[in-house]
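The values are calculated or read from the model by the stated rules, or taken from the named source; none is laboratory data. These numbers come from a predicted model, not from an experiment. Heads up, the Cβs are rebuilt from the backbone with ideal geometry, glycines too, and the neighbour counts pull from every protein chain shown.
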Amino acid sequence: MWTDSHNHLQSPRLGDPAPIIAAMRAAGISRCIVNATREDDWKNVANLAASHPDFILPAFGIHPWHAHTARFGWQARLRDLLEKHPHASMGECGLDTWVSEPPLEIQRPIFLDQLRLARDLDRPITLHCLKAWGALFEAFVEAPPPSRFVMHSFSGSIEIARRLIPMGAYFSFSGYLLHPRKSAVLDVYRQLPPDQILLETDAPDMLPPLEIITHSLPENLNHPANHPANLPAIGHALAQALAIHPDDLAELTRENAKRCFGF
């Protein structure tokens, strides 16, 4: 039974979540963490978790791409939401200089406030970091992360990973990292502590290579979507790269997710 440590089932790109969740269960997925990206979808994530309490754990946060949407008083509203959902984590949040808008000057204070809240409430937090490693470590000096945090779709170097490991980082592998141009990332995962590896789809994003895909969604040539039921196929491919049995990887990543997210 597999655990998807990061997806966005609330995304309209996936359509009706009911058949999506049914396909995930049929594929052997027993749990997933559904990450919000901005305040406007916090309610949708909460409703999904309430409808599927044995399957979905919610995560609430503001993604760096949506930092400019944060409205006055969002910090208090996020704290209130987390207190109402004691099993929720925080995310997706972080820093990103791959995009030019919103600029880092807008992203950074939103991120720092989320780090402080996660540490104050002792909640795990899922982090997005793209071309912003220096800025991330600078932010950690000002606002240290909580004792457990997830580097979502981690594709950094082993040197970066070794700085994060003692801080309490978990490293989540997505199907996108199976593309041949990302082959160096697999060598990084071979060197990570096994008890700090997670598995994710980031559905509807991070589409795996075509030969990995087992579940498809209606064609959108401009923005193809990743079905979250692709997780077991991603897991089998990673297991092969790590030279371990897929069942062992499923159990390992499930236990790691339980320890990280506290379910």
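Below is a table of values for the structure above.
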| item | result |
| --- | --- |
| Any hit, the stretch 107-119, residues being farther than 25 Å from Ser174 by Cα and β-branched (Val, Ile, Thr) | yes |
| Inter-residue pairs, beta-carbon under 6 Å, first within 16 Å of Leu178 (Cβ to Cβ) and in the stretch 189-212, second modelled with pLDDT under 95 and outside any helix (DSSP H, G or I), 6+ apart | Leu207/Pro224 |
| Matching entry among Thr201, Thr214 (being of a type in the set (Ser, Thr, Tyr), under 23 Å from Phe261 (Cα atoms) and assigned to a loop (DSSP other than H, G, I, E, B)) | Thr201 |
| Residue list for the stretch 116-155, restricted to those being surrounded by fewer than 21 Cβ atoms within 10 Å (Cβ to Cβ), small (Gly, Ala, Ser), in contact with a helix residue (DSSP H, G or I) (Cβ under 9 Å, 6 or more places away or on another chain) and assigned to a helix (DSSP H, G or I) | Ala135 |
| Residues being in a loop (DSSP other than H, G, I, E, B) and either surrounded by 15 or more Cβ atoms within 10 Å (Cβ to Cβ) or not acidic (Asp, Glu) (or both) - total across the stretch 217-253 | 13 |
